[in-house]
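Here's the structure, in structure tokens; my notes come after.
Values quoted throughout were computed directly from the atomic coordinates according to the rules given, and no laboratory measurement underlies them. Nothing here was measured: the structure is a model prediction, and the numbers come from that model. Every residue, glycine as well, gets a Cβ built from its backbone with ideal geometry; the counts of neighbours run over all protein chains shown.
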Amino acid sequence: MAETAESDLKHTPLDAWHVAQGARMVPFAGYSMPVQYKDGILTEHLWTRAHAGLFDVSHMGQCFVHSDSWEKTAAALEALVPADILNLKPGQQRYSQLLAPDGGILDDLMITRSAYEGHEGWAYLVVNAGCKDADYAHIAGHLPAGVSLRLEADLALIALQGPEAVEVIATMVPAIRTVPFMTYHAAQLDGVWLQISRSGYTGEDGVEISIPARDVVAFCDRLLQDPRVRPIGLGARDSLRLEAGLCLYGHDIDTTTSPVEADLKWSIQKRRREQGGFPGAERIRRELAGGPSRLRVGLLPEGRQPAREGAEIMAEGRRIGVVTSGGFGPSVNGPVAMGYVEAAFAKPGTPVSLIVRGKELPARIAPMPFVPHRYFR
Amino acid sequence: MTTYYTKDHEYVRVEGDTGIVGITDYAQSQLGDVVFVELPEVGKAVKAGGEAAVVESVKAASDVYAPVSGEVVAVNDGLPDSPATINEDPEGQGWFMKIRLADKGELAGLMDEAAYKAMIGA
């Protein structure tokens, strides 16, 4: 990705706060974002797995799709994504993908059904920063009459992740303790509305909180007063999600990959598999029935040397795939990677080799996640 | 003994006809937590500016270039098992290799401490 000139970069409402916390800022998806703070990526990663890590994800796109009924809104969304949206309960959240007509992935996103009285026809969407303008145009261009897209530019989004994250939030919002994974809970704290979802991108228990931009600095300061909380940058966010086996858009999934190839078929519920009615349904149902020709898999290189994105995957003397994300897993204490291989080689334990700096590095296909998920269900 | 620096942030500390080579404190701070290091074999001939070692942090892989030409006469054997030493003490315990200098004249093309500090803005 070409680097954006400093002057063209966008800033989140926490920009000055990051600098005050000692962040090293880098360009990411058109924003100036913290890649790490003073502790460094390794320490920040391990802190999140042990305590509570605070992430600024305000660069992501927050928007609403709404109409006068849930059925109408759900039908409009189901024309764009393969997940079952209609059967979401109020406050329930689901992971899905915006699909191109050929079944390729335009973006991945979270969709939540509103639990508010008077907002029965509202869905809240969170999309990737780098895709959001294209996503909004795509969504707006495909909504039927009576269903609208509303952008929310004045909302910040933060995540608090790790085994102590929910207890930290519970000191302010005790009800969060019993809110299950992938569910929303709204709370008012000192006059500020917090939209809290029990979700995240680390494999740990935790929350993501949507909060008005003008209130986010004070809220983060308050969180940081808790000794269990430290700020965490994009570097550790990447190593945490990689260990958790979660896809990064533009790397592990893109317009050339289908959700089935990406091993995301769990995110396509039964009714949608049977009925179709989403972009690329023909290809996706064919891949569900007969298996895809290639599959996203985990890879564990032998030894200590990481294999990075772009490394070729070899078996039987030929190229069978490519690494799409790879690096060092601080909790695994060794290198971890994911990539796509021909389906015949996707079984865990299959020996392969990875071309790293011109040399063959032995590795094995491995089940993901590399670190067990600790979601609260 | 005098220490010389390259624009790629390697140092060579010259003792007699041998140079102790590693990466600078500035380099390790930019790289972040080092998780892997690959050292050359003893006896390997390296050229000034040529690849001599590999160092990888959580985030990225980097080549380490030989500041001077010569033969690798020793490597820091303990380093691959404790790569964090490069972060903790880059210009001491975190040295990479010793090179027997083929041409001391090459040193004139490197920076001294004052020039290196000026370059990194220290």
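Classify the stretch A:293-377 from the C-alpha gyration tensor, please: rounded if a/c falls under 1.5, else prolate or oblate depending on whether a/b exceeds b/c.
Judged from the Cα gyration tensor, the stretch A:293-377 comes out oblate (a/c at least 1.5, b/c at or above a/b).
Using Cα springs under 10 Å in a Gaussian network model of chain A, which residue among A:Arg94, A:Arg150, A:Arg308 shows the largest mean-square fluctuation?
Maximum among the listed residues: A:Arg150.
Could you work out the mean count of beta carbons from other protein chains within 10 Å of each residue's beta carbon in A:24-36?
Averaged over the peptide's residues, the number is 1.
Which whole-number percentage describes the relative contact order of the stretch B:2-102, with Cα contacts under 8 Å and a sequence gap of 6 or more?
Worked out over the stretch B:2-102, it gives 32 percent.
Give me the percent relative contact order of chain A, please, defined on Cα pairs under 8 angstrom at least 6 residues apart.
18
What is the mean number of Cβ atoms from other protein chains located within 10 Å of the Cβ atom of each residue in peptide A:345-358, rounded to a whole number?
Going residue by residue through A:345-358 and averaging, the value is 1.
Roughly how many nanometres apart are two label points built 7 Å out from the Cα toward the Cβ at A:Leu151 and A:Ser7?
Once both label points are built, they end up 2.3 nm from each other.
In peptide A:306-312, how many Cβ atoms from other protein chains are near each Cβ within 10 Å, on average?
If you average over the peptide's residues, the count of other-chain Cβ atoms is 2.
Quick one: go through the stretch A:77-92 and flag any residue whose amide nitrogen is under 18 Å from the point 7 Å out along the Cα-to-Cβ line of A:Lys270.
What the label zone holds, given the 18 Å backbone N cut-off, is A:83-89.
Using +1 at the C-beta of Lys and Arg and -1 at the C-beta of Asp and Glu, which of A:Ala344, A:Asn333, A:Gly317 has the Cα lying farthest in the positive direction of the dipole of the stretch A:293-377?
It is A:Asn333, whose Cα lies furthest towards the positive end.
Put a dot 7 Å past each Cα toward the Cβ at A:Thr256 and A:Ala213; how far apart are the dots in nm?
If labels sit at A:Ala213 and A:Thr256, their model points lie 3.6 nm apart.
Looking only at A:Ala29, A:Ala244, A:Ala170, which one moves most when chain A is put into a Gaussian network model with springs between Cα atoms under 10 Å?
A:Ala170
Taking a threshold of 22 Å on the Cα-Cα distance, which of the pairs A:Lys359/B:Lys59; A:Lys38/B:Lys59; A:Lys89/A:Lys270; A:Lys359/B:Lys7; A:Lys72/A:Lys265; B:Lys7/B:Lys47 fall above it?
Among A:Lys359/B:Lys59; A:Lys38/B:Lys59; A:Lys89/A:Lys270; A:Lys359/B:Lys7; A:Lys72/A:Lys265; B:Lys7/B:Lys47, the Cα-Cα distance tops 22 Å for A:Lys359/B:Lys7; A:Lys72/A:Lys265.
Pop out the Kirkwood hydrodynamic radius of the protein assembly as shown from its pairwise C-alpha distances, inverse of mean 1/r, in Å to one decimal.
Its Kirkwood hydrodynamic radius stands at 24.7 Å.
Which of A:Val260, A:Val57, A:Val173 ends up with the largest GNM mean-square fluctuation for chain A, with Cα atoms connected below 10 Å?
Looking only at A:Val260, A:Val57, A:Val173, the largest GNM fluctuation is found for A:Val173.
What do you get for Rg/Rh of chain B when both radii come from the Cα atoms and Rh is the Kirkwood radius?
Over the Cα atoms of chain B, Rg/Rh equals 0.93.
What are the GluC sites (Glu not before Pro) within the stretch A:1-101 that DSSP puts in a loop, where the Cβ has at most 10 other Cβ atoms within 10 Å?
Those satisfying the criteria are A:Glu3.
Can you classify the stretch B:59-122 as rounded, prolate or oblate using the Cα gyration tensor, where a ≥ b ≥ c are the square roots of its eigenvalues, rounded means a/c under 1.5, and otherwise it's prolate if a/b beats b/c and oblate if not?
It is oblate, given that a/c is not under 1.5 and a/b is not larger than b/c.
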